[in-house]
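To start, the structure under review is shown below, and the notes come after it.
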Amino acid sequence: MCQEGCGIQLQGVAPPFEFAIFFSSVLAVSPDSRYAEGAIQKLISRKLDFAAAVDLGDLTADERVLADVLIRVIKPAQNHNAMLPDFDLDVYSRGDGTQAPRILVPALVDEKVSIPTVHVTGKRDADFMKGMSEISRRLCDERMMKILEHPGGHQPPQDALSVRAAVGAMEWAIRQAQKKNMY
């Protein structure tokens, strides 16, 4: 996912994609070094230790949604050696914040991805991977979205029924994109 593409309009520029298909999507990161700067700076000022239990009760709403992603998704992914590239969570609690990845969090984004999207996940995928997919999915306009879950894990659908469902959803996305271009 990208801010300049995937349907989020920036300065009147049309997105380079007409639809998107996501299989077990991971977190999206903004290339804008100023994105979520306020929430990141507030977290840094609190000097939280994300390696230990963190009380989210005293945090502002923006801090809370960002810290929740770090605790619920990033930390477990790191524990399973599944973060690529990996980074130290201390970038959100120490330093000047310039090294902190700008994770796109739905509550901190003003616009939604407006192109048709299809989101396919596996029922047996790890919880932190499901969390990543959910966060990325919520960046998209739900009126222009299809969600599928196949019985497998962190891979594309393998059984005939799930493959047919995924192909059908892809065809839907193509039709929706064609409709948008007609108007």
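The values are calculated or read from the model by the stated rules, or taken from the named source; none is laboratory data. Being a predicted model, the structure only gives us computed values, none of them experimental. No Cβ is skipped: glycine too gets one built from the backbone with ideal geometry, and neighbour counts run over all protein chains shown.
Could you pull out the residue among M170, M132 that is among the aliphatic types (A, V, I, L, M), part of a helix (DSSP H, G or I) and either within 16 Å of the chain's Cα centre (by Cα) or not assigned by TED's automatic domain parsing to the domain that holds I21 (or both)?
M132 is the lone residue from the list that is among the aliphatic types (A, V, I, L, M), part of a helix (DSSP H, G or I) and either within 16 Å of the chain's Cα centre (by Cα) or not assigned by TED's automatic domain parsing to the domain that holds I21 (or both).
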Take the residues in segment 77-115 that are touching an Asp or Glu at 6+ places or on another chain (Cβ under 8 Å) and within 23 Å of A20 (Cβ to Cβ), then tell me which one is surrounded by the most Cβ atoms within 10 Å (Cβ to Cβ). V113
Residue by residue through segment 75-108, note down the ones that are at negative phi, free of Cβ contacts under 8 Å to residues at least 60 places away in the same chain and not in a helix (DSSP H, G or I). H80, A82, M83, L84, P85, D86, F87, D88, S93, R94, D96, Q99
Taking segment 138-174 only, how many residues are touching a residue at least 24 places away in the same chain (Cβ under 8 Å) and basic (K, R)? 2
